[in-house]
1. For residue 117, are the conditions met, namely being open to solvent by 30 Å² or more (accessible area, probe 1.4 Å) and touching a residue at least 24 places away in the same chain (Cβ under 8 Å)?
2. Return yes when residue 112 is open to solvent by 30 Å² or more (accessible area, probe 1.4 Å) and either farther than 17 Å from residue 10 by Cα or out of contact with any Leu (no Cβ under 7 Å at 6 or more places or on another chain) (or both) and no when it is not.
3. I'd like to verify a number: residues in the range 55-81 that are farther than 15 Å from residue 112 by Cα, assigned to a strand (DSSP E or B) and among the aliphatic types (A, V, I, L, M), how many?
4. Looking only at the range 33-53, count every residue that is out of contact with any strand residue (DSSP E or B) (no Cβ under 9 Å at 6 or more places or on another chain) and either at negative phi or among the hydroxyl-bearing types (Ser, Thr, Tyr) (or both) and tell me the total.
5. Just checking, does the range 49-58 include any residue being more than 19 Å from residue 9 (Cβ to Cβ), open to solvent by less than 40 Å² (accessible area, probe 1.4 Å), among the polar types (S, T, N, Q) and touching a residue at least 12 places away in the same chain (Cβ under 8 Å)?
6. Name the residues in the range 95-109 that are β-branched (Val, Ile, Thr) and open to solvent by 10 Å² or more (accessible area, probe 1.4 Å), would you?
7. Check 92, 79 and return the single one that is crowded, with 19+ Cβ neighbours inside 10 Å, touching a residue at least 40 places away in the same chain (Cβ under 8 Å) and closer than 14 Å to residue 30 by Cβ.
8. Only residues that are of a type outside the set (A, V, I, L, M, F, W, C), within 19 Å of residue 106 (Cα to Cα) and either at pLDDT 95 or above or assigned to a loop (DSSP other than H, G, I, E, B) (or both): list them for the range 1-54, please.
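The values are calculated or read from the model by the stated rules, or taken from the named source; none is laboratory data. Model, not experiment: these values are computed from the prediction. FYI the Cβ positions are ideal-geometry reconstructions off the backbone, even for glycines, and counts take in every protein chain you see. Accessible surface areas use protein heavy atoms only, side chains included; no ligands, DNA or RNA. Shrake-Rupley method; radii C 1.70, N 1.55, O 1.52, S 1.80 Å.
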Amino acid sequence: QVQLVESGGGLVQAGGSLRLSCAASGRTFSSYAVGWFRQASGKEREFVSGLTWNSGRTLYAGSVKGRFTISRDNAKNTAFMQMNSLKPEDTAVYYCAARSGIVVVQQSDYAFWGQGTQVTVAS
């Protein structure tokens, strides 16, 4: 079992930056792939970024590539997502998720989810 808690969300002006954290409990976190997803109001939840257990492979949605960077520190059981050059369309609740195996974009393949953290980007 893995329990995930996101933090770092907030209100930021367009062009600004935020760093989201995903703290995990459970001694096997280092063996899980991590994904970040987001859900804007009135829209379906979508994949944002993902990372394998050893940081060997990353995936990004086209809308965030070059602006967001996913990383992890297995020694601290924490994953991160640095978000730069934020746009109003990045406004959403951001969730981290974990799964055993490779990183994938399908949210249905992730077994463990955090409660989400709100990111609001003002224009």
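1. No: the conditions fail for residue 117.
2. Values: open to solvent by 30 Å² or more (accessible area, probe 1.4 Å): yes; either farther than 17 Å from residue 10 by Cα or out of contact with any Leu (no Cβ under 7 Å at 6 or more places or on another chain) (or both): yes.
Against the criterion (open to solvent by 30 Å² or more (accessible area, probe 1.4 Å) and either farther than 17 Å from residue 10 by Cα or out of contact with any Leu (no Cβ under 7 Å at 6 or more places or on another chain) (or both)), residue 112 qualifies.
3. 3
4. 1
5. yes
6. Answer for the range 95-109, where residues must be β-branched (Val, Ile, Thr) and open to solvent by 10 Å² or more (accessible area, probe 1.4 Å): 102, 104, 105.
7. Of 92, 79, the one residue that is crowded, with 19+ Cβ neighbours inside 10 Å, touching a residue at least 40 places away in the same chain (Cβ under 8 Å) and closer than 14 Å to residue 30 by Cβ is 79.
8. 35, 38, 39, 43, 44, 45, 46, 49, 50, 52
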